[in-house]
Amino acid sequence: QSPIQYLIHYRIEKACHMLDSGEQSIIDICNSCGFSSPSYFTKTFKSIMGCTPREYRNTR
């Protein structure tokens, strides 16, 4: 795993914890985790987790 892949996975893991808490909006989570845009965040999240951030939150 390259350093950038590690960083992306770390950011997605952090986003998952934030989504589990349910206190922040998805846009705020995107910004807090260092993603440049909501669309990039959603695309990256879905490629790693197999669902969108909203779907992830709704299943918790």
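Read-outs: derived from the displayed coordinates by stated rules, not from any lab. Computed from a predicted structure; not experimentally measured. Note: ideal-geometry Cβ built from the backbone for every residue, glycine included; neighbour counts use all protein chains shown.
So, in region 4-20, exactly how many residues are of a type outside the set (A, V, I, L, M) and touching a Cys at 6+ places or on another chain (Cβ under 6 Å)? Lay out the reasoning, then the answer.
As a first pass, look at region 4-20 and keep what is of a type outside the set (A, V, I, L, M): 5-6, 9-11, 13-14, 16-17, 20.
Of the ones still in play, those that are also touching a Cys at 6+ places or on another chain (Cβ under 6 Å) are 11, 14.
Qualifying residue count, region 4-20: 2.
Report the residue count in region 9-45 for those that are in contact with a Pro (Cβ under 8 Å, 6 or more places away or on another chain) and either touching a residue at least 24 places away in the same chain (Cβ under 8 Å) or exposed (fewer than 15 other Cβ atoms within 10 Å of the Cβ) (or both).
Within region 9-45, the subset in contact with a Pro (Cβ under 8 Å, 6 or more places away or on another chain) is 15, 19, 26-27, 29-30, 41-42, 45.
Adding the requirement that they be either touching a residue at least 24 places away in the same chain (Cβ under 8 Å) or exposed (fewer than 15 other Cβ atoms within 10 Å of the Cβ) (or both) leaves 15, 19, 26-27, 29, 41, 45.
Residues meeting the conditions: 7.
Looking at region 11-37 only, could you name the residues that are more than 17 Å from residue 60 (Cβ to Cβ) and over 11 Å from the mean Cα position of the chain (by Cα)?
If the condition is that a residue be more than 17 Å from residue 60 (Cβ to Cβ) and over 11 Å from the mean Cα position of the chain (by Cα), then 36, 37 are the ones that fit.
All but one of (1) loosely packed, with under 13 Cβ neighbours inside 10 Å; (2) outside any loop (DSSP other than H, G, I, E, B); (3) among the basic types (Lys, Arg) hold for residue 57, so report the exception by its number.
Answer for residue 57: the failing condition is (1).
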